[in-house]
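Structure record follows, encoded as structure tokens.
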Amino acid sequence: MKNFRLIIEQWPNVAELAADLGVKKGTVDLWKHRNKIPAEYWKAVTEAAKRRGIKGVNPDAMAELAEAAAA
């Protein structure tokens with residue numbers, strides 16, 4: 001994945017990702033708008049992606065995206 005927004009867009013919609021993570025839809029909307037998923041959610045996002053059969057979503061990939069964004 002090239003950015004966090006693309007990770008979020010692997011779900012049918014932000015409401016489904018929010019439901020998978022047990023957070024409010026507005027929270028995921030903000031992540032998408034900011035192109036950022038907070039590090040404390042990386043494990044949960046990875047597990048949710050695995051349950052849905054979404055490939056390429058893992059903590060290492062998200063760490064690389066965060067590092068690139070900070071550079």
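The values are calculated or read from the model by the stated rules, or taken from the named source; none is laboratory data. All values derive from a computational prediction rather than experimental measurement. Cβ: placed from backbone, ideal geometry, glycine included. Neighbour counts: every protein chain shown. For the accessible areas, the whole protein counts, side chains as well, though only heavy atoms, and no ligand, DNA or RNA atoms are used. Shrake-Rupley method; radii C 1.70, N 1.55, O 1.52, S 1.80 Å.
The figures follow:
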| quantity | calculated |
| --- | --- |
| Of residues in the range 24-33 being open to solvent by less than 70 Å² (accessible area, probe 1.4 Å) and either among the hydroxyl-bearing types (Ser, Thr, Tyr) or without any contact (Cβ under 8 Å) to a residue 12 or more places away in the chain (or both), the one farthest from Ala66 (Cα to Cα) | Gly26 |
| Tabulated pairs, the range 34-55, first in contact (Cβ under 8 Å) with a residue 60 or more places away in the chain, second of a type in the set (Val, Ile, Thr) and surrounded by 17 or more Cβ atoms within 10 Å (Cβ to Cβ), C-beta under 6 angstrom, 6+ apart or interchain | none |
| The lone exception for Ile54 - which of (1) open to solvent by 70 Å² or more (accessible area, probe 1.4 Å); (2) not in a helix (DSSP H, G or I) it fails | (1) |
